[in-house]
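Here the structure comes first, spelled out in structure tokens, and everything after it is commentary.
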Amino acid sequence: MGGRHHVAGDLDRAAGVAAGQTVFQGDLTQNAGLSEVFDHHGLGRGLAQRGRLARDVDHAGVALLVDYGYARRDYYSPDRSAGTLMCHYRHRSNSEPLYLPGMQDITAHVDFTAVAEAADTAGLAVSVYTSQAQFLLGCGIEQLLQERAERQDADWFGMVEGFKQLVLPTGMGERFRVMALTRAVRAMPAGFDQDLRFTL
């Protein structure tokens, strides 16, 4: 359903897409040029067609989606002409999906605009979209750290390092996004002080 594809250009040996094949139509490729590679997950289409998430949030509730990704404008930016496909093996990253087949994790970023569109089609409201850093700060992660600051032992220093990894822009703070999809919910839970829906 998903994969790494050339819009037009050379043979993509990782996905085996024939040279010059147009994989997508419509505005998904509006920013893509020749020989640019981008990733497509099919998540948005799957949500809209099957309505799985909409059924899970049956009468009332909140679904929190946390993943690394971008709004469409940034996702298909010329700066990302090589796509977002990444492979991980034993804490090392590479961009070769055929290296060590079956042994490494293969992943790609999420197009959060596609998720928002699919949620709308499925009858869910996109109530909030923000960075992981803002979400965790809004949930009180700093206070949690401060409550344990008097110890300043090995565990506390480990928590400080974890905090940095989760919140700082050089770690996961700005790369990961949090989206709240809701149905019949009047008040949002903590953590949504900053709303970036205007970027979708």
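If I ask for residues that are over 13 Å from the mean Cα position of the chain (by Cα) and closer than 28 Å to Leu200 by Cβ, which ones from region 88-123 would you list?
Result: His88, Ser93, Ser95, Asp105, Ile106, Glu117, Ala118, Ala119, Asp120, Thr121, Ala122, Gly123.
Hey, can you tell me all the residues within region 64-95 that are in a loop (DSSP other than H, G, I, E, B) and surrounded by 13 or more Cβ atoms within 10 Å (Cβ to Cβ)?
Within region 64-95, Ala71, Tyr76, Ser77, Ser81, Gly83, Thr84, Leu85, Ser95 meet the criteria.
If you go through region 100-122 one residue at a time, how many are loosely packed, with under 13 Cβ neighbours inside 10 Å and assigned to a loop (DSSP other than H, G, I, E, B)?
So the count comes out to 4.
Would you point out which residue out of Val128, Val160, Val167 is out of contact with any Gly (no Cβ under 8 Å at 6 or more places or on another chain) and surrounded by 18 or more Cβ atoms within 10 Å (Cβ to Cβ)?
Only one candidate qualifies: Val128.
Take Ala133 and decide whether it is in contact with a helix residue (DSSP H, G or I) (Cβ under 7 Å, 6 or more places away or on another chain), in contact (Cβ under 8 Å) with a residue 60 or more places away in the chain and assigned to a helix (DSSP H, G or I).
Considered against the rule, which asks whether it is in contact with a helix residue (DSSP H, G or I) (Cβ under 7 Å, 6 or more places away or on another chain), in contact (Cβ under 8 Å) with a residue 60 or more places away in the chain and assigned to a helix (DSSP H, G or I), Ala133 comes out as no.
Computed from the coordinates by the stated procedures, all read-outs in this text should not be read as laboratory data. Fair warning: this is a prediction, and the values are worked out from it, not measured in the lab. Virtual Cβ from ideal backbone geometry, glycine too; neighbours counted across all protein chains shown.
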